[in-house]
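Chemist: To start, I am sharing the structure in question, which I have written as structure tokens.
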Amino acid sequence: MRVLFIGDIVGAAGRRALKESLPELRSKHNPHVIIVNGENAAGGRGITAAIAKEFFDQGVHGITLGNHTWDNKDIFDFIDREERMVRPANYPPGTPGRGVAVVKGLSKELVIVNVQGRTFLPPLDCPFQTMDAILEKLKKNHKHILVDFHAEATSEKIAMGWYLDGRVSAVVGTHTHVQTHDERILPQGTAYVTDVGMVGGRDGILGMERTAVLQKFKTGLPVRFTADEGKWQFHAVVIELDDETGLSKKIELIRRFETETVWA
Ligand code: FE2
């Protein structure tokens, strides 16, 4: 099974990048399952039902989220109904939505899990113990499991990779928006990358318009950020899973730009 996992899609530039990149990526990599992180898809803050539908209509099979899950109030209208979307599993019991989903791709099924780190992010339940509990439930029936670990600290992400090595198919990091060059298959067969990278305006700051971000850094005053709507950058990974064991054989980084002109 080949899985295409696409990093945090930020705002309209990110959505445009997805639309313009998917046909070529689909013909080049033939993915059975396509997953996107969509927590920044609505102007950098959360996701709406209309955007989720747009992704599914383009052939995306599952959507993961993160710390911005609740930023757009629209989410509360559809997260309980949308079985192909996961928010961090380590929110307290009773939180709307789900942290684990079985998504159906082209003739293949993949379990997607979203879990959030606690270092430099709001305190949630322990992501490591949350994964233990999830895998205990999944192990009887599922071998093909992708974990989107949405976390700030590289150390926490690497720790999760080692913790889950041999227990899941892949641990892919999201949230920090800059693709890391440490993709590998860990010794027990789990594909790992610290951060897949983002999909959105390439001349902003992590996908947000840079003037406002700079102003915030310079003044410390509250500033409203908007998504950068210029030319895009696109980051993803393709992972090849063994159909029998569920472990991974290969992970490959994808990095594309709207044009290759000199950056401002
Ligand atoms: Fe995030």
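Chemist: Show log10 I(q)/I(0) for the stretch 128-264 at q = 0.11, 0.16 Å⁻¹, two decimals, from a solvent-free Debye sum over equal Cα scatterers.
Modeler: -0.50, -0.86
Chemist: Let me ask something additional. Counting pairs of Cα atoms in the stretch 20-164, how many percent are more than 27 Å apart? The partial results should precede the final answer.
Modeler: On the way: 2169 of 10440 pairs.
Considering the stretch 20-164, 21 percent of its Cα-Cα pairs are separated by more than 27 Å.
Chemist: In whole Hz and in residue order, list the ³J(HN,Hα) couplings for the stretch 74-79 that follow from phi through the Karplus curve 6.51 cos²θ - 1.76 cosθ + 1.60, θ = phi - 60°; x for Gly and Pro.
Modeler: Along the stretch 74-79, the couplings run 3, 4, 5, 6, 9, 5 Hz.
Chemist: Further question: Once each part is reduced to its C-alpha centroid, what is the distance from the stretch 211-264 to the stretch 41-94 in angstrom?
Modeler: 18 Å
Chemist: Another one. Ranked from highest to lowest mean number of other Cβ atoms within 10 Å per residue, what is the order of the peptides 6-18, 235-247? Could the numbers behind the result be given before it?
Modeler: Details: 6-18: 26.4, 235-247: 18.8.
Answer by packing, highest mean first, reads 6-18, 235-247.
Chemist: State, as an integer percentage, the relative contact order of the stretch 53-169 based on alpha-carbon contacts under 8 Å between residues 6 or more apart.
Modeler: Working: 180 pairs, mean separation 26.1, N = 117.
Reported relative contact order: 22 percent.
Chemist: Mind checking the dipole of the chain: about its Cα centre, +1 per Lys or Arg Cβ, -1 per Asp or Glu Cβ, Debye to the nearest 20? Please report the intermediate quantities before stating the final value.
Modeler: Numbers: 33 positive and 34 negative charges, 19 e Å.
It works out to roughly 80 debye.
Chemist: Rounded to two decimal places and with Rh computed the Kirkwood way over Cα pairs, what is Rg over Rh for the chain? Walk me through the intermediate numbers first.
Modeler: Numbers: Rg = 17.2 Å, Rh = 18.2 Å.
That ratio is 0.95, to two decimals.
Chemist: For every other residue with a beta carbon closer than 12 angstrom to the beta carbon of Ile75, add +1 if it is Lys or Arg and -1 if Asp or Glu, then tell me the sum.
Modeler: Details: positive: Arg45, Lys73, Arg81, Arg87; negative: Glu39, Asp71, Asp74, Asp77, Asp80, Glu82.
Its environment carries a net charge of -2.
Chemist: Applying a 10 Å radius around every beta-carbon, put 112-120, 52-60, 33-41, 184-192 in order of their mean neighbour count, most first.
Modeler: Descending mean neighbour count gives 33-41, 112-120, 184-192, 52-60.
Chemist: Ok, one more. If I stretch the segment between Phe120 and Asp132 completely, what's the gain in nm (0.36 nm per residue apart, minus their alpha carbon distance), one decimal?
Modeler: Numbers: separation 12, 0.36 × 12 = 4.32 nm, distance 2.23 nm.
Contour length minus the Cα-Cα distance gives 2.1 nm.
Chemist: How big is the antiparallel share of DSSP beta bridges in the stretch 2-257, given as a percent to the nearest 5?
Modeler: 50 percent
Chemist: Figure the gain on full extension for Val178 and Val102 (residue separation times 0.36 nm, minus the Cα-Cα span) and round it to one decimal in nm.
Modeler: On the way: separation 76, 0.36 × 76 = 27.36 nm, distance 2.76 nm.
Difference between extended and current length: 24.6 nm.
Chemist: Explain nothing, just the number: dipole magnitude of the stretch 141-264 about its Cα centre with +1 on each Lys and Arg Cβ and -1 on each Asp and Glu Cβ, in debye rounded to the nearest 20. Don't jump to the answer; show the numbers that get you there.
Modeler: Details: 14 positive and 18 negative charges, 77 e Å.
My answer is approximately 380 debye.
Each reported figure results from applying straightforward, stated rules to the coordinates on display, with no laboratory input. Quick caveat, the model's predicted, so the values are computed rather than measured. Glycine also receives a Cβ, built like all others from the backbone with ideal geometry; neighbour counts cover every protein chain displayed.
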